[in-house]
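**Q** So that we are looking at the same thing, I have put the structure below in structure tokens.
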Amino acid sequence: MDKANDDGVGIINFEHFKRKVLAFESKPEAPRTPLHLGLLMYTLSIIIGACKIIDIIKKATFYGAEYDWRAVEVAYVGMYNAIRRVSDILYMPVNKQVFAVDAPAIGNDPMDSMRKLHAMLGMIGEHGGEFAEALLAALQPLGTLDMVNVLEELGDGHWYEAVLLDTTGHKFVDSLNIVDRKLQKRYGTAYTDKGALQRDKQAERVVMEQQMSTMRDDDSPMVAQGMAIMDGAFDRPEPGLPVEFRTLKADLFDVSLVKVGGEPIGNVSSDNTGTPDSDGGSTD
């Protein structure tokens, strides 16, 4: 039974929290407004680049690493290229924009895919953008860290974690155990600069997979799909072509596409690697 403080507010554990807050979840089986996958994926690429630079700053500040200016440059170039693609989208006529009307295939079924997408976008927004806003405000002259806002964003992040864990059948403690095994492999019993800066990610992955094998199996393709996206959805820009998924890996989605104000223009799937053209056909 949950305890209560002097204000009568229940003190709950994460599993209770998860059961309680899932009542507030939206569960569409497809995007309620067609999803612009190009805009989403290029924006994710920008976020990834920014986070790489944040990681470089973190390692220099707390672990004593030298600033890797070449890595900073590479990250900024990648972000710049993605921003250029977003600029192409912004200046493209609305009637030529291409949207997905089905759920992207990152889960076991359309609703599972939409729930995973909702949770992961939410965590990116809360743990990335919202905390960035709080820290930026605190770093300003005379700025302060708004702890009410920080705790709110932590709680919001936990809400999205609850949704994602519910889609996989895992518990919060499962994620903690995986991280615990990883840190034991990295550091042994205590922090060292060498452990922080010379990480054996392959060995860490092995112990995490071993820990994962003791949990409930999840046949979701989410991890494999995410790795495929990272493996080059944006690394071969095609200058001069409109942004209609020509640089996206078509076999990731298997979704129906539609242009705003127009008829459906077919599917993008593993057996159709071309991109729909303005007449509803396909260009290779």
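**Q** Considering only region 189-198, I want to know if a residue exists there that is exposed (fewer than 12 other Cβ atoms within 10 Å of the Cβ), modelled with pLDDT under 95, under 22 Å from the mean Cα position of the chain (by Cα) and not acidic (Asp, Glu).
**A** No, region 189-198 contains no residue that is exposed (fewer than 12 other Cβ atoms within 10 Å of the Cβ), modelled with pLDDT under 95, under 22 Å from the mean Cα position of the chain (by Cα) and not acidic (Asp, Glu).
**Q** If you don't mind, there's one more thing I want to ask. For region 176-193, give me each residue that is not in a loop (DSSP other than H, G, I, E, B) and not polar (S, T, N, Q).
**A** Leu176, Ile178, Val179, Asp180, Arg181, Lys182, Leu183, Lys185, Arg186, Tyr187, Asp193, listed by residue number.
**Q** Here is a further query. Going by the structure shown, is Gly143 part of a loop (DSSP other than H, G, I, E, B), farther than 23 Å from Arg32 by Cα and without any contact (Cβ under 8 Å) to a residue 24 or more places away in the chain?
**A** Here the answer is yes, as Gly143 does meet what is asked.
**Q** Any idea how many residues of region 99-139 are outside any helix (DSSP H, G or I) and modelled with pLDDT of 95 or more?
**A** Count: 0.
**Q** Next up: Would you point out which residue out of Ala71, Ala65, Ala105 is touching a residue at least 12 places away in the same chain (Cβ under 8 Å), within 23 Å of Arg32 (Cβ to Cβ) and over 14 Å from the mean Cα position of the chain (by Cα)?
**A** Ala105
The values are calculated or read from the model by the stated rules, or taken from the named source; none is laboratory data. What you are looking at is a predicted structure, and each value in this text was computed from that prediction instead of being measured. Neighbour counts run over all protein chains shown; Cβ positions are idealised from the backbone, glycine included.
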